[in-house]
Amino acid sequence: MEGKREVLFGKTLTELQQIAAKHGWQKFVAKQIAEWLYKKKLISINDMTNLSKNTRQVLKETYGLGINPFSKVQESVDGTKKYLFATHGNNFIETAMIPENDRKTVCVSSQVGCKMGCLFCMTGKQGFQSNLTAGEIINQIKSIEEREEVTNIVYMGMGEPFDNLEEVLKSLEILTSGWGFSMSPKRITVSSIGIIPGMLAFLEKSNTHLAISLHTPFDEERKNLMPVEVAYPIKEVVKEIKAWDFGRQRRISFEYIMFKGVNDSPKHVKELARLLNGLRCRLNLIRFHPIPGTPLIGTDEETIQEFKDSLNKKGVFTTIRASRGQDIYAACGLLSTKELVKNR
Amino acid sequence: MDKGLYETSITSNIEISPGVHVISFEKRHGFISGQVIKIALSYEHLPRIYSICNGTQDNEVNILFNIKEEGYLTPKLSSIPEGGKILVSKPSGSFVAGNESTWMIATGTGIAPFFSMLDSGVIACKKLIHGVSYLNQFYFGTEIRKKLGENYICCCSREQGEGIFHGRVTSYIKGQANLPKHFKYYLCGKALMVVEVRDLLISKGVPYENILAEIYF
């Protein structure tokens with residue numbers, strides 16, 4: 001971290017052009033800086049060797065680089081890695097790298113802590129500390145050991161992306177632009193609990209995939225699991241999604257954590273089929289691994305399989321997500337909370 | 001751009017405590033106490049959600065907020081004079097209370113939806129626990145005391161006062177030997193308070209299904 005100095009990493013091309021203009025440099029200098037930041041390997045501003053000595057000197061005197069190493073990494077027996085990055089005030093954010101066949105998916109955080117207070121979430125128990133900047137979001141990709149091999153990115157780590165929309169959109173722009181990481185938007189999924197104004201702005205301004213945390217189709221149940229339901233009911237969220245033209249390339253999926261005796265009954269299958277009727281989407285069933293102090297427990301394997309089969313029979317394309325990295329607290333929030341408690 | 005927003009004029013803007021304001025504007029749509037509205041200053045910025053903090057019988061809508069220095073909306077909102085324009089939505093949301101026996105637990109400006117309920121006559125079988133840092137933060141305290149009497153519990157963590165529980169809301173709840181488990185528990189405030197109080201209630205045997213929360217975000 002570089003104190004309060006403005007940092008370069010995380011700036012869009014437009015912002016770099018503004019910096020170039022401010023210092024009276026040619027416009028192409030901004031593109032050169034962007035290429036160094038997002039396409040090449042660099043340790044310091046000194047490495048930007050195609051910039052003039054004077055330009056580098058001004059950059060060094062005025063800006064920080066903003067590329068920060070991880071502070072800890074743990075590796076699971078299944079190859080999943082959990083990275084911890086230190087942020088302000090002794091807090092930590094988590095980043096997971098999940099290898100699978102020829103893919104390496106990185107799960108990034110968008111906030112330090114979270115405001116949403118979902119009953120089943122460990123991150124929520126930290127409360128909310130701060131938003132991450134676009135630079136801090138993409139640093140989670142730039143600064144891990146597998147940086148050159150990342151194939152997919154999911155915004156499913158700590159925090160609610162649509163509660164930090166501006167920085168999340170900036171990070172997506174950097175990841176998907178030709179001057180940035182040049183990643184296909186089809187390789188990126190942003191997951192939200194369904195803050196409608198943020199979701200609509202995201203759908204309009206980005207073309208990456210969207211995932212919504214659903215967890216139950218019933219309003220009264222969802223209110224007990226996810227406080228956001230009292231403000232943005234899932235039925236309204238789905239209504240807005242149904243009204244949106246996703247085209248052929250863009251994907252919408254729903255996340256559904258299975259809680260024993262809570263959301264895994266035939267009536268849930270029926271209501272889910274009704275809720276998602278007419279929508280080309282995927283429903284991802286997720287096994288729940290209990291967190292300290294929660295009254296919820298996970299559904300057994302047999303019921304999960306039956307639930308999946310019943311939904312598929314009703315025309316809802318449903319899959320079961322593989323559990324990964326359980327031996328290293330890969331469930332979001334567990335490791336950083338442990339670290340936070342230790343440091344306090 | 002949020003198509004559900006419409007422009008309205010502020011009819012009053014009063015600083016009721018240092019850094020805490022109540023703004024009012026014309027009520028164009030009926031509401032249920034406990035509901036929220038979205039507020040924005042322009043169509044370019046995402047709206048924020050605020051609880052309505054007055055009774056359903058009033059001709060105006062009141063919103064309680066504190067100024068977040070680093071925020072975009074509240075510093076500007078606090079300086080809008082009478083007659084100034086803001087964008088608001090129709091009321092919405094389902095953080096609404098019925099006739100059940102209910103403990104309402106709030107911190108700071110999280111009192112807003114509960115005051116709306118009480119001001120609308122939702123008083124029977126209700127107990128309100130309000131936690132603040134300083135004594136001047138018991139917003140609407142006099143009115144609430146009149147309505148709830150002993151069922152209004154004030155908790156203050158940084159100052160002491162007569163009849164005031166000295167400590168946080170969580171300390172007050174920890175000290176309750178037998179919480180009624182079949183009651184409803186409504187929580188409103190910052191995320192960390194809501195999560196801590198919810199965990200505490202659950203650890204004391206309250207079923208999570210009886211806990212409903214509204215969180216600021």
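Here are the numbers for this structure:
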| quantity | calculated |
| --- | --- |
| Within the range B:202-215, tally of residues that are in contact with a helix residue (DSSP H, G or I) (Cβ under 7 Å, 6 or more places away or on another chain) and either of a type outside the set (Asp, Glu) or over 12 Å from residue B:186 (Cβ atoms) (or both) | 7 |
| Subset tally (residues that are open to solvent by 60 Å² or more (accessible area, probe 1.4 Å), at pLDDT 95 or above and either part of a loop (DSSP other than H, G, I, E, B) or of a type in the set (Lys, Arg) (or both)) for the range A:304-324 | 4 |
| Residue A:30 vs. criteria among the hydrophobic types (A, V, I, L, M, F, W, C), open to solvent by less than 30 Å² (accessible area, probe 1.4 Å) and without any contact (Cβ under 8 Å) to a residue 60 or more places away in the chain | yes |
| Near pairs, Cβ below 6 angstrom, 6+ apart or cross-chain, from the range A:303-321 (touching a residue at least 24 places away in the same chain (Cβ under 8 Å)) to any residue that is open to solvent by 70 Å² or more (accessible area, probe 1.4 Å) | A:317/A:282 |
| Leading residue by the ranking (surrounded by the fewest Cβ atoms within 10 Å (Cβ to Cβ)) among those in the range A:288-303 that are within 14 Å of chain B (Cβ to nearest Cβ) and not hydrophobic (A, V, I, L, M, F, W, C) | A:292 |
| Count of the range B:59-93 residues which are in contact (Cβ under 8 Å) with a residue 40 or more places away in the chain and within 14 Å of another protein chain (Cβ to nearest Cβ) | 7 |
| Residue match in the range B:180-203 (condition: farther than 24 Å from residue B:116 by Cβ, β-branched (Val, Ile, Thr) and open to solvent by less than 50 Å² (accessible area, probe 1.4 Å)) | yes |
| Qualifying residue in the range A:214-233 (condition: under 14 Å from residue A:280 (Cβ atoms) and within 21 Å of the chain's Cα centre (by Cα)) | no |
| Residue in the range A:213-229 that is more than 11 Å from chain B (Cβ to nearest Cβ), buried (at least 20 other Cβ atoms within 10 Å of the Cβ) and either touching a Ser or Thr at 6+ places or on another chain (Cβ under 8 Å) or at pLDDT below 95 (or both) present | yes |
| Residue within the range A:325-343 that is of a type in the set (A, V, I, L, M), modelled with pLDDT of 95 or more and either assigned to a strand (DSSP E or B) or touching a Lys or Arg at 6+ places or on another chain (Cβ under 6 Å) (or both) present | no |
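The values are calculated or read from the model by the stated rules, or taken from the named source; none is laboratory data. Because the structure is a prediction, the values reported are computed rather than measured. Backbone-built Cβ (ideal geometry, glycine too); neighbour counts: all protein chains shown. Note: areas computed on protein heavy atoms with side chains; ligands, DNA, RNA excluded. Shrake-Rupley method; radii C 1.70, N 1.55, O 1.52, S 1.80 Å.
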